[in-house]
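**Q** The structure follows.
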């Protein structure tokens, strides 16, 4: 039980430390780096979407959001 309390405290301490970092320092903490949203091509740009009415831009945006969430 004492170990569990220590882990909870360590997690809160680490969270507070990370919240104090600026964007550049926070990015240095990422395990696999990060990708700028502008650097992620749409499906249309990658020729995956041949139908002009497809939702390539929205799918690319969703992919970027998922990648961001996975990295955090």
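**Q** At R0 = 35 Å, how high is the FRET efficiency between residue 45 and residue 24 if r is their beta carbon distance? Nearest 0.05 is fine. Provide the component values of the computation, followed by the final result.
**A** Numbers: r = 28 Å, r/R0 = 0.80.
It comes to 0.80.
**Q** Got a sec? How would 22, 10 order by Cβ neighbour count within 10 Å, fewest to most? Could you put the intermediate results ahead of the total?
**A** Values: 22 7, 10 10.
Neighbour counts put them in this order, fewest first: 22, 10.
Every number here is computed from the coordinates shown, using simple stated rules; none is lab data. All values derive from a computational prediction rather than experimental measurement. Cβ sites come from the backbone with ideal geometry, for glycine too, and all protein chains shown count toward neighbours.
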